[in-house]
Amino acid sequence: EKKRSESLRIGNKISLDEPLRLELDDDDPDAFRARDEKTPASSNFFSQGMLHDQHHPQKKPSEPDKSFQLTRSSQRARILIGILSTSLATIFGMVFGNDKLGFNMATSGSIQKSAGSAGYFSSSGTDEELIAMAIQLPPTYNNLAEWTTPVNVNTELPYFFEIPRAGSATTKHILSHCLRLIEASDAGSKNNKDATLQLFYKNDMVSRFVNIDTSTRQGINQARILGFAESGVADVVYSSLLCDITKIFNPENKLRMFGMFRHPVDRAASYYDLQRADNPKIATMSIEEYVTSGNLDNNWVTRFLVNKFGGGLTDDDLHLAMETLRKKCLVGLYSHLAQSLLRFNSYFQWNLVSTASHECVDNSPNLDSVLEKLVVVKGSDTWNLIMQQNKFDMKVFEYSQQLWESQKSLFD
């Protein structure tokens, strides 16, 4: 637990890096391009310290594994229906659509609401299979609002599911330093012995935090004793301990989950670079030695989503993790960090694009890339070893990419 806790205190250990900037592409409202410090500022500019992932370009999620497959007869029926539907759509589009296909590929996977349904679901096969499974989430996850329901700013608290080296440190800095949102996080670890809830300033004398530590079970229990869930003192809460943090909330005071996801290999390499700077033993290890030494996390994201930190994982654990994201989480991607922040801003009705916030974000560093040096070559032995240790996390990441695309239509 100490190791997990320290891994989340990234922002307190590292110095600020020179900012990299992204400029909004005038030709594509949902795309950003990098510009260096010499490029004149644009009037239509939103930036942060993040370049698109050059090593792992966006790709479509892989096909669902065998646990999602239908019976052979059902598959044949679906294939026949798909062929007929596609043929009819193509003919219809060519006749009535000026030789264009009769369906808009840009809206593939868009959010749809079914008649009589309480929520939304994407038209992807994976979502359909998850819905058919009727997976029951843990009872405490009822204290997480479904992300498709309207946001209630009076009774719900934004909750950032914190994944080390996946954009959490950068997001935290921007929301607290630029938006001045009062945070509940590991920042209160040195002040969590007080008998009442209090606010403190960080070293920048701008960012404020509550005197509780949400990175440990003890700290979360102390927050419960002090009545944190009902207090309304914080604007956003950060924690990796999903199951524990939801226990102290209730149906009248819910959390609303959002998070940033990153390719498991990139995250592992980044965390290795960070540990080399902090841990003398790891500093002498090569990445290959690090991966085989037992220091590499095993399916970290999946385990924290399902509250299973030891033993083997099963397909049931994977499906539970995916269903939690499908129903409860607004997804951001580290490879699209600026766009993710804009989605969060729109969803929670923050004011990230005001002049003051705009300038602050413009000069914000990417705290999650500090000390990053290593690039793991795809298909190398090291790559394969990391993937072997994170095969469930890879499926969760691919599903987060799918959710990112399906949630996009709500922000067009």
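So the values come out like this:
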| quantity | calculated |
| --- | --- |
| Elements of type strands (runs of 3 or more DSSP E) in the stretch 187-273, at least 1 residues being modelled with pLDDT of 95 or more and open to solvent by less than 40 Å² (accessible area, probe 1.4 Å) | 208-213, 236-239, 254-261 |
| Lone unmet requirement of (1) touching a His at 6+ places or on another chain (Cβ under 7 Å); (2) of a type outside the set (Phe, Trp, Tyr); (3) assigned to a helix (DSSP H, G or I); (4) crowded, with 21+ Cβ neighbours inside 10 Å for Arg326 | (1) |
| Selection status of Glu372, at pLDDT below 95 and under 27 Å from Tyr272 (Cα atoms) | yes |
| Subset of the stretch 151-162 that is part of a loop (DSSP other than H, G, I, E, B) and under 15 Å from Asn345 (Cα atoms) - its residue that is modelled with the lowest pLDDT | Val153 |
| Filter result for the condition that a residue is closer than 28 Å to Thr216 by Cβ and crowded, with 24+ Cβ neighbours inside 10 Å, over Tyr141, Tyr159 | Tyr159 |
| Residue satisfying condition, being assigned to a helix (DSSP H, G or I), out of contact with any Lys or Arg (no Cβ under 8 Å at 6 or more places or on another chain) and either at pLDDT below 90 or not aromatic (Phe, Trp, Tyr) (or both), within set Val353, Val396 | Val396 |
| Positions within the stretch 212-235 being over 25 Å from the mean Cα position of the chain (by Cα) and within 24 Å of Leu179 (Cβ to Cβ), in sequence order | Glu230, Ser231 |
| Filtered residues of the stretch 360-388 (kept if without any contact (Cβ under 8 Å) to a residue 24 or more places away in the chain, in a loop (DSSP other than H, G, I, E, B) and not β-branched (Val, Ile, Thr)) | Gly379, Ser380 |
| Ser335, sole failed condition from (1) at pLDDT 90 or above; (2) open to solvent by less than 10 Å² (accessible area, probe 1.4 Å) | (2) |
| All positions within the stretch 346-394 that are charged (D, E, K, R) and open to solvent by 70 Å² or more (accessible area, probe 1.4 Å) | Glu359, Lys373, Lys378, Asp381, Lys391 |
| Those residues of the stretch 163-177 which are open to solvent by less than 10 Å² (accessible area, probe 1.4 Å) and either in a loop (DSSP other than H, G, I, E, B) or not aliphatic (A, V, I, L, M) (or both), in sequence order | Ile163, Pro164, Arg165, Ala166, Gly167, Ser168, Thr170, Thr171, Ser176 |
| Ser357 vs. criteria touching a helix residue (DSSP H, G or I) at 6+ places or on another chain (Cβ under 8 Å), in contact (Cβ under 8 Å) with a residue 12 or more places away in the chain and over 20 Å from Asp266 (Cα atoms) | yes |
| Conditions (1) at pLDDT below 95; (2) surrounded by fewer than 22 Cβ atoms within 10 Å (Cβ to Cβ); (3) part of a loop (DSSP other than H, G, I, E, B): number failed by Leu181 | (1) |
| Pair list, Cβ < 6 Å and 6+ apart or interchain, from the stretch 389-402 residues that are of a type in the set (D, E, K, R) to residues that are open to solvent by 20 Å² or more (accessible area, probe 1.4 Å) | Glu398/Pro61; Glu398/Ser62 |
| Scan of the stretch 274-291 for residues that are closer than 14 Å to Lys373 by Cβ and either assigned to a helix (DSSP H, G or I) or modelled with pLDDT of 95 or more (or both), ordered by number | Leu274, Gln275, Arg276, Ala277, Ile282, Ala283, Ile287, Tyr290 |
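The values are calculated or read from the model by the stated rules, or taken from the named source; none is laboratory data. Predicted model only: the values in this text are computed from it and were never measured. Note that we place each Cβ from the backbone using ideal geometry, even for glycine, and neighbour counts take in every protein chain shown. Just so you know, the surface numbers come from the protein's heavy atoms only, side chains and all, with ligands and any DNA or RNA stripped out. Shrake-Rupley method; radii C 1.70, N 1.55, O 1.52, S 1.80 Å.
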